[in-house]
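Peer 1: One structure, as C-alpha cells, below. Some questions next.
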Amino acid sequence: METNFVDYVKIYCRSGKGGAGCMHLHTAKYLPKGGPDGGDGGKGGDVILHGNRNFWTLLHLRYQRHIFAGDGQRGGENKSHGKDGDSVTIEVPCGTVAYDAETGEYLAEITEDGQTLTLLNGGRGGLGNWQFRSATNQTPRYAQPGEPAVERTVILELKLLADVGLVGFPNAGKSTLVSALSKAKPKIADYPFTTLEPMLGLVPYRDNRSFVMADIPGIIEGASEGKGIGLRFLRHIERNSVLLFMIPADTNDIRRDYEILLGELTKYNPELMDKQRLLAITKCDMLDDELIDQMRAELPDGIPALFISSVTGQGLTELKDALWNILNDESNRIQTFTHRNLDISRPSDEDDYEENDPFGHEGPVTEDAGDVEVDW
Ligand SMILES: Nc1nc2c(ncn2[C@@H]2O[C@H](COP(=O)(O)OP(=O)(O)OP(=O)(O)O)[C@@H](O)[C@H]2O)c(=O)[nH]1
Ligand SMILES: [Mg+2]
C-alpha cells in the first residue's frame, strides 16, 4: 500500500573512523636531528539523532538506507592535527524510538524538539609520535592508528505523542468523534477499515486549553495474529495517557466487545493495561432513554462509561471533561513508560518497502516533511 504515513524505517548506520596519528621526524638543513613532530589524527564523525517538530513521519528516511559519517583525516607533520570527520544528523519527529535491528535492543528515544542523541560515536583519532616523546625516548618512531568506525543497523519507529488514543472495532465511530471534536477531517464511512493510517486531532477545550487525540485504524479479534490491519498501529497508543474505548450502541454484547479489545491490547503489550481507560458507548442517537437505562446494566465493570453521539453532540462535553480530568490528575502521571525491546522474531510486513525502492540504494533525502494529514 502506498502511503505517506511512514512510521518504521530500517537504516544501516556507520560512524567515521578515527584518522591515524602521524609518525614524522622533523629534519631541516640546519637541524639534521629535529624531534618528532607527527600530529594526531582527526576524530571520526558521529551519527546523531535530532528531534525536529517540522517532521511528522519518517517518510523522508524511507529510501535513505545507508548513513555514513565522515572519517577523520590522518595527522600530518609539523604537529598538524588531522581534520575531524563530518558527523551526520538524522532529523526525526518527536516520538521516534531507535532499536538495534539485529537484537531488537532499545537504544534511545527522541521526545522533544531540538533534542540530540548520539547514536554512534566516531572513532578517536590516533596520537601522533609527537605525543610519545619523553626523556628516555626522544625520537619515538611510532604513532597510534585511529579507532575503527562503529556500524549498526537501526530500526526507527515513530510513536505518535497524543494524549488520548481511540481503541475500537472498525465502524465504532472513532473517526467521526475526532471530526466532531477537532478540525481534523478523517475519512468516515459505513464500511470497516475506513481509517488506514493514524491521524491526530487537536481538541480545543475550555479557556484556550487543548489536548491531542489519535484516531487509529480499527482492531478486530485476532489482530494479534495478523488479522485485519494487525496491531502495528497500536504502537501509536503506547504513548497516550488515556485510552478511550469506543463501542457502538447497536452492538450485541458490550462486555464481550470490551473483553476482546482488552485481550488484543494485552497481547500486543501488557503495559497498555496500566493506562487509564474510559469507555464511550457511541451512536447513542439510535437509542431512546429506556434502551440507555437497559444498557447501563450491561456495562463492563471497572471502567467508567459515557453515552455519546458524535452526530447530535450528546455527551461530548461530558466526555471532554472526563478526558481532561484524567489527563490532569497528577496521580495518573505514573506513565514513565518502561522501554521494551523490539520483538524482532515478529514478522514485519514493514520491511517490504526495501524491495520497492525506486531510488536504488542511496536515494536522495527529501527535505520536506511529507504531506501527512495533521490537521490542527
Ligand atoms: N447514528 C450515528 N452514526 C454514527 C455516529 N458516529 C459514527 N457513525 C457512523 O458510523 C459509521 C462508521 O463511522 P467511522 O467514524 O468511520 O468509524 P471508525 O471507527 O473510524 O471506523 P474505521 O475507520 O473503519 O475503524 C459511519 O457511517 C458513521 O456515519 C453517531 O454518533 N451516530
Ligand atoms: Mg476511522
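Peer 1: Which residue, of Phe132, Phe169, is assigned by TED's automatic domain parsing to the domain that holds Cys94 and on the phi < 0 side of the Ramachandran plot?
Peer 2: Details: Phe169 fails: assigned by TED's automatic domain parsing to the domain that holds Cys94.
Every option except Phe132 fails the conditions.
Peer 1: Out of Gly72, Gly125, Gly114, report the one residue that is over 22 Å from Ile237 (Cα atoms) and in contact with a strand residue (DSSP E or B) (Cβ under 8 Å, 6 or more places away or on another chain). Break it down into steps so the answer makes sense when it comes.
Peer 2: Working: Gly72 fails: in contact with a strand residue (DSSP E or B) (Cβ under 8 Å, 6 or more places away or on another chain); Gly125 fails: in contact with a strand residue (DSSP E or B) (Cβ under 8 Å, 6 or more places away or on another chain).
Gly114 is the lone residue from the list that is over 22 Å from Ile237 (Cα atoms) and in contact with a strand residue (DSSP E or B) (Cβ under 8 Å, 6 or more places away or on another chain).
Peer 1: Please enumerate the residues belonging to the stretch 278-307 that are within 16 Å of ligand 2 (Cβ to nearest atom) and at negative phi.
Peer 2: Scanning the stretch 278-307 gives Ala280, Thr282.
Peer 1: Checking the condition under 26 Å from Leu59 (Cβ atoms), within 16 Å of ligand 2 (Cβ to nearest atom) and surrounded by 19 or more Cβ atoms within 10 Å (Cβ to Cβ), which residue from Val164, Val154 passes?
Peer 2: Val164
Peer 1: Related question: Identify all residues within the stretch 85-97 that are surrounded by 21 or more Cβ atoms within 10 Å (Cβ to Cβ) and closer than 26 Å to Trp130 by Cβ; write none if there are none.
Peer 2: Scanning the stretch 85-97 gives a single hit, Gly85.
Peer 1: Something else: Here are Ser210, Ser224: which of them is away from ligand 1 (no atom under 13 Å from the Cβ), hydroxyl-bearing (Ser, Thr, Tyr), without any contact (Cβ under 8 Å) to a residue 60 or more places away in the chain and part of a strand (DSSP E or B)?
Peer 2: The match here is Ser210.
Peer 1: Sticking with this one: Among the candidates Leu166, Leu200, Leu234, which residue alone is in a helix (DSSP H, G or I), of a type in the set (A, V, I, L, M), touching a residue at least 24 places away in the same chain (Cβ under 8 Å) and within 16 Å of ligand 1 (Cβ to nearest atom)?
Peer 2: Of Leu166, Leu200, Leu234, the one residue that is in a helix (DSSP H, G or I), of a type in the set (A, V, I, L, M), touching a residue at least 24 places away in the same chain (Cβ under 8 Å) and within 16 Å of ligand 1 (Cβ to nearest atom) is Leu234.
Peer 1: Looking only at residues that are within 20 Å of Asp321 (Cβ to Cβ) and within 13 Å of ligand 2 (Cβ to nearest atom) in the stretch 180-213, which one is surrounded by the fewest Cβ atoms within 10 Å (Cβ to Cβ)?
Peer 2: Top of the filtered list is Ala180.
Peer 1: Going by the conditions given, is Thr103 in a loop (DSSP other than H, G, I, E, B) and not basic (Lys, Arg)?
Peer 2: yes
Peer 1: Considering each of Pro140, Pro145 in turn, give the residue that is in contact with a Phe, Trp or Tyr (Cβ under 6 Å, 6 or more places away or on another chain) and either part of a loop (DSSP other than H, G, I, E, B) or within 16 Å of ligand 1 (Cβ to nearest atom) (or both). First the steps, then the outcome.
Peer 2: On the way: Pro145 fails: in contact with a Phe, Trp or Tyr (Cβ under 6 Å, 6 or more places away or on another chain).
The unique qualifying residue is Pro140.
Peer 1: When Asp215 is evaluated against the numbered criteria (1) over 22 Å from the mean Cα position of the chain (by Cα); (2) near ligand 1 (Cβ under 7 Å from one of its atoms), which criterion, by number, is the only one it fails?
Peer 2: Just one mismatch for Asp215, condition (1).
The values are calculated or read from the model by the stated rules, or taken from the named source; none is laboratory data. Note that this is a predicted model, so its numbers are computed, not measured. Every residue, glycine among them, receives a Cβ derived from its backbone with ideal geometry; neighbour counts consider all protein chains shown.
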